[in-house]
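Asks: After the structure tokens below, expect a handful of questions from me.
Just so it is clear, none of the values below were taken in a lab; they were calculated from the coordinates. Values in this document were obtained by computation on a predicted structure and should not be read as measured data. Positions of Cβ are generated from backbone atoms using ideal geometry, with glycine treated the same way; all protein chains shown enter the neighbour counts.
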Amino acid sequence: AHSVGPPASEPYPALSYELFPPRSTSAAETLWCTIRELEQTSPDYVSVTYGASGSNRDTAVDLLSRLLTETALRPLAHLTCVGNTREYLLDLVDELITLGVRGILALRGDTPKDPGAGPGDLSYASDLVKLVREAERRRTAHLCAGRLAVGVAAYATRHPESPSFDHDIEALLAKQAAGADFAITQVFFFPDHFQRLVAAARRAGVDIPIIPGVMPLTSVRRLDRLSELAGIEMDYALRDRLAAAEDDAARRRIGVQATVDLANAALDAGAPGIHLYTFNEHAAALDVLDSLQLRRPPVPRGLVRTA
Ligand code: FAD
């Protein structure tokens with residue numbers, strides 16, 4: 001059985017959070033406060049982002065290591081292949097397995113803006129899935145309790161570099177064929193976009209679980225940045241409602257409700273769980289969780305791993 005990734009037969013939807021490695025001491029303090037709050041909700045796993053080209057390798061590995069040794073949480077390590085050699089990536093996967101990581105989200109990463117940066121040995125996330133499976137085969141003795149759970153990205157709206165939505169579905173199928181166990185979606189703003197993705201993926205032969213990635217949409221700035229950076233189609237009605245809100249508390253209520261509506265629609269459409277993009281903040285994420293009634297009892301302290 002996999003230790004990370006959406007459970008196949010749980011009576012409740014799978015629950016996971018995305019965190020990013022802190023960039024300063026004060027950011028680390030906020031993050032650890034968030035981690036302790038989120039830990040109380042007993043998620044299936046927490047994912048840790050990774051800078052494209054490995055720009056934050058040390059802080060990512062450090063956070064993964066601390067999650068494994070100081071909390072009851074199971075980490076899913078994001079890994080990007082853009083700009084890196086096969087040897088570098090095999091070595092990193094090896095390091096993660098040795099650390100105790102049992103789940104990897106295999107991504108391509110965004111193309112570096114620096115024109116001098118090389119493309120690396122691998123072109124697509126599907127190549128990285130194959131490489132992770134290769135690294136796994138070399139380490140079967142270490143993984144005697146099972147295999148790695150390997151996740152990939154999926155897009156409810158067209159990936160900005162993609163010629164079409166159908167092309168993205170082909171890319172998802174290739175990632176499944178390469179050995180992916182599950183997919184997590186990029187943020188989306190319209191509930192029917194998730195249903196459309198799942199329907200098209202199933203028609204094309206993708207049968208792995210597809211988890212909707214949802215983000216508490218509590219600020220106009222966040223909405224703008226998302227649609228600018230990730231090329232996501234904007235929900236202008238929500239943007240107007242947030243812009244007209246009288247204060248932060250009202251904005252938070254509006255944003256949380258919009259996120260809950262998105263998550264509920266995805267769950268109604270058969271999503272096996274939800275993945276919450278937290279921005280390392282717990283308050284809005286917990287509001288969303290409570291509205292969805294997805295909070296679970298904390299794991300007893302005695303079960304926290306110490307080594
Ligand atoms: P791919 O699946 O390789 O797709 C990239 C593009 O190539 C797409 O347009 C696709 O249609 C096309 N394509 C794929 N295969 C082929 C093929 N065989 N032939 C032709 N075209 C093909 N970025 C980070 O830097 N760090 C992170 O931690 C991170 N975490 C993320 C987590 C999630 C859940 C998601 C959804 C995204 C995350 N990203 C992260 C962003 C991601 O790296 C970018 O969206 C990136 O541009 C594409 O990554 P991918 O893994 O989807 O790539």
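Asks: Taking amide H atoms as placed 1.01 Å from N in the peptide plane, list the residues 5 or more away in sequence, or in a different chain, whose amide H sits under 5 Å from that of I211.
Replies: A183, I184, T185
Asks: Using θ = phi - 60° and the Karplus form 6.51 cos²θ - 1.76 cosθ + 1.60, what ³J(HN,Hα) does each residue of region 221-232 get, whole Hz, x for Gly and Pro?
Replies: 4, 5, 4, 4, 5, 4, 6, 6, 6, 9, x, 8
Asks: Also: 7 Å from Cα along Cα→Cβ at both E161 and Q257: what's the point-to-point distance in nm?
Replies: Here the answer is 4.0 nm between the modelled labels.
Asks: With springs connecting C-alpha atoms under 10 Å apart, model the chain as a Gaussian network and identify which of P112, P216, P13 has the largest mean-square fluctuation.
Replies: Looking only at P112, P216, P13, the biggest GNM fluctuation is shown by P112.
Asks: Sticking with this one: Amide H of A72 versus every other amide H placed in the peptide plane: which residues, excluding those fewer than 5 positions away on the same chain, fall under 5 Å?
Replies: Correct list: empty.
Asks: When only Cα pairs under 8 Å and 6 or more residues apart are kept, what is the percent relative contact order across region 77-195? It would help to have the intermediate numbers written out before the result.
Replies: On the way: 164 pairs, mean separation 32.4, N = 119.
Once divided by the residue count of region 77-195, the mean separation gives 27 percent.
Asks: Quote to one decimal, in nm, the extra length available between K113 and E134 on full extension: 0.36 nm per residue of separation minus the C-alpha distance between them. Walk me through the numbers on the way to the answer.
Replies: On the way: separation 21, 0.36 × 21 = 7.56 nm, distance 2.98 nm.
The span from K113 to E134 would gain 4.6 nm if fully extended.
Asks: Could I ask something else about it? For region 164-235 and region 79-106, write down the distance between their C-alpha centroids in whole Å.
Replies: About 23 Å separates the Cα centre of region 164-235 from the one of region 79-106.
Asks: Relative contact order of region 8-165, please, whole-number percent, based on alpha carbon pairs below 8 angstrom and at least 6 residues apart. Don't jump to the answer; show the numbers that get you there.
Replies: Values: 222 pairs, mean separation 30.3, N = 158.
Rounded, it is 19 percent for region 8-165.
Asks: I've got another one for you. So, in nm, how far is label E281 from label S123 when the simple model puts each one 7 Å beyond its Cα toward the Cβ?
Replies: 4.1
Asks: Using the Karplus curve 6.51 cos²θ - 1.76 cosθ + 1.60 with θ = phi - 60°, what ³J(HN,Hα) values do you get for each residue of region 120-126, in whole Hz, with x for Gly and Pro?
Replies: x, 7, 10, 8, 9, 4, 4
Asks: Could I ask something else about it? What are the ³J(HN,Hα) couplings of region 190-199, residue after residue, when phi is run through the Karplus curve with 6.51, -1.76, 1.60 and θ = phi - 60°? Round to Hz, x for glycine and proline.
Replies: 10, x, 5, 5, 5, 4, 5, 4, 4, 4
Asks: Modelling each spin label as a point 7 Å along the Cα-to-Cβ direction, I'd like the E95/A27 distance in nm, to one decimal.
Replies: Result: 1.8 nm between the two label points.
Asks: Right, here's the next one. Let me check against my output: what whole-number percent is the relative contact order of the chain, with C-alpha pairs under 8 Å and at least 6 apart? List each step's numbers first, then the result.
Replies: Working: 553 pairs, mean separation 68.0, N = 307.
It rounds to 22 percent for the chain.
Asks: Related question: Just from its helices, what would the mean residue ellipticity at 222 nm be for the chain, if runs of 4 or more DSSP H residues each count -39500 (n - 2.57) and the sum is divided by every residue, rounded to the nearest 500 deg cm²/dmol? Walk me through the numbers on the way to the answer.
Replies: Details: 10 runs with 135 residues, N = 307.
Computed mean residue ellipticity for the chain: -14000 deg cm²/dmol.
Asks: Give the long-range amide H neighbours of V299: residues separated by 5 or more places, or on another chain, with amide H under 5 Å away, using H modelled in the peptide plane at 1.01 Å from N.
Replies: Excluding prolines and chain starts, which carry no amide H, the hits are S42.
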